[in-house]
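**Q** Structure incoming, see below.
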Amino acid sequence: MLNKTRIAVMVSGGGTNLQAIIDAQKNGIIKSGEIVLVVSNKKDAFALERAKNNGIKSYLMTSEEDLIATLKDERIDLVVLAGFLKILGSDFIKAFENRIINIHPSLIPSFCGKGAYGLHVHEKALEYGVKVTGATVHFVNEIPDGGRIIAQKAVEIHEGDTPETLQKRVMEQAEWILLPQAVEDISLKIAKGEL
Ligand code: GRF
């Protein structure tokens, strides 16, 4: 019997991606890992409410140093950035090398990097006039949205889409499917000692 991968999910906002991971744990899509901690840099993030409603411990981060110590104390094996909007420093990245993954709401390398987060990503896609966008799960390194790509899922842009209608479709048809599956895949690799 493999030990379950201990997962910390880092959030800053509504937490719909956190909810997707919580639901995937409940319905058996995620069976090689368990969320043991939710971390936020925003005390009013609704994602913290979701953690509380599901009996998951949460932690409001102060300094990156404290964050590293807390994650090590909790024996965290995998850090999942789910709508987390703070750029993490090199100490953090080094402390969890190849153990941090992020969901980005575009098909990287399009519409990513500095300033490309949340709704701005969809504004850029509509402005450029692309016909297809989507979401990407990738490892996190020191370049914003620069780490190795793990999975991607395409979503069509519809005539008359606004950034809001497009964000909703990308979440529903890509993010909330891609991230839980990637969390299971990476958790299994870690549990088997392959990562
Ligand atoms: C979403 O657009 C997601 O793609 C991005 O952050 C936004 C909010 O996500 N990473 P959530 O609802 O807080 O999970």
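**Q** Per the Debye formula with a single identical scatterer at each Cα and no solvent contribution, what log10 I(q)/I(0) holds for region 71-118 at q = 0.16, 0.31 Å⁻¹?
**A** Taken in order of the listed q values, log10 I(q)/I(0) reads -0.52, -1.29.
**Q** Then there's this: Using the basic label-point model (7 angstrom from Cα toward the beta carbon), what is the TYR128 to LYS57 distance in nanometres?
**A** So the two model labels end up 4.1 nm from each other.
**Q** Could you grab the Rg to Rh ratio for region 151-195? Cα atoms only, Kirkwood for Rh.
**A** 1.21
**Q** Quick one: divide the alpha-carbon radius of gyration of region 100-160 by 2.2 N^0.38 Å and tell me what you get.
**A** That ratio works out to 1.08.
**Q** Still on this model: Measure of size requested: the Rg and Dmax of region 64-147, with Cα atoms as the atom set and Å as the unit; please supply both.
**A** 14.2, 47
**Q** Provide the descending list of Cα extents for region 86-195 along its principal axes, expressed in whole angstroms.
**A** Computed over region 86-195, the largest-to-smallest principal extents equal 47, 26, 17 Å.
**Q** Follow-up question, since we're still on this one. Would you list the P(r) distribution for region 1-70, with all Cα-Cα distances sorted into 10 Å bins from 0 and each bin expressed as a whole %?
**A** In order of increasing distance, the bins hold 20, 52, 25, 3 percent.
**Q** Still on this structure, I have one more. Cα-Cα over 27 Å: which of LYS57/LYS153; LYS43/LYS192; LYS42/LYS189; LYS31/LYS52; LYS26/LYS72; LYS4/LYS72?
**A** From the list (LYS57/LYS153; LYS43/LYS192; LYS42/LYS189; LYS31/LYS52; LYS26/LYS72; LYS4/LYS72), the Cα-Cα distance tops 27 Å for LYS57/LYS153; LYS43/LYS192; LYS42/LYS189.
**Q** Right, next: Plugging the Kirkwood radius over Cα pairs into Stokes-Einstein for region 1-151, at a temperature of 20 °C and a viscosity of 1.002 mPa s, what D comes out in µm²/s? Before the final figure, lay out each step's value.
**A** Details: Rh = 16.0 Å.
Using the Kirkwood radius from Cα pairs, D works out to 134 µm²/s.
**Q** Quick check for you: with a 1.4 Å probe and neighbouring chains kept, what is the accessible area per residue of region 52-182, in Å²?
**A** The answer is 53 Å² per residue.
The values are calculated or read from the model by the stated rules, or taken from the named source; none is laboratory data. Computed from a predicted structure; not experimentally measured. Backbone-built Cβ (ideal geometry, glycine too); neighbour counts: all protein chains shown. Accessible surface areas use protein heavy atoms only, side chains included; no ligands, DNA or RNA. Shrake-Rupley method; radii C 1.70, N 1.55, O 1.52, S 1.80 Å.
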